[in-house]
Amino acid sequence: MPTIQVKNVPTDVHDTLRHRAIDAHQSLQEYVLGILVREARQPTLEEVLARAAARPKVHVSADEIVAMIREDRESR
């Protein structure tokens, strides 16, 4: 697996991460890796918008939307 080395971490940030790792019963490496994995797997706003823009366009009028909502409500 690839390795990432982070240099010049501010002391207060290092201390905070170390304490949080201890509280989570993890090594600092495990804790920071978890943060990186969660961050990388969470799509950015730009990525979400790009996926939405790539979807096929559906053209529905406001009247059609209102009719569908009414039909759904009446079916309950």
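Since every read-out is calculated from the coordinates, none of them should be taken as a lab result. As the structure is a computational prediction, the values presented were derived from the model and not from experiment. All Cβ positions, glycine included, derive from the backbone under ideal geometry; neighbour counts span all protein chains shown.
Assorted remarks:
- Rounded to 0.05, the FRET efficiency of the residue 35 and residue 74 pair, given R0 = 35 Å and the Cβ-Cβ distance, is 0.10.
- Degrees between helix 28-41 axis and first principal axis of the chain (Cα, 0 to 90, nearest 10): 20
- Rounded to the nearest 0.05, the FRET efficiency derived from the C-beta distance between residue 20 and residue 44 at R0 = 35 Å is 0.90.
- If the segment from residue 53 to residue 13 were pulled out straight at 0.36 nm per residue, it would be longer than the present Cα-Cα gap by 10.6 nm.
- Electrostatic bookkeeping for residue 67 treats Lys and Arg as +1 and Asp and Glu as -1; over the other residues with beta carbon under 15 Å from its beta carbon, the sum is -3.
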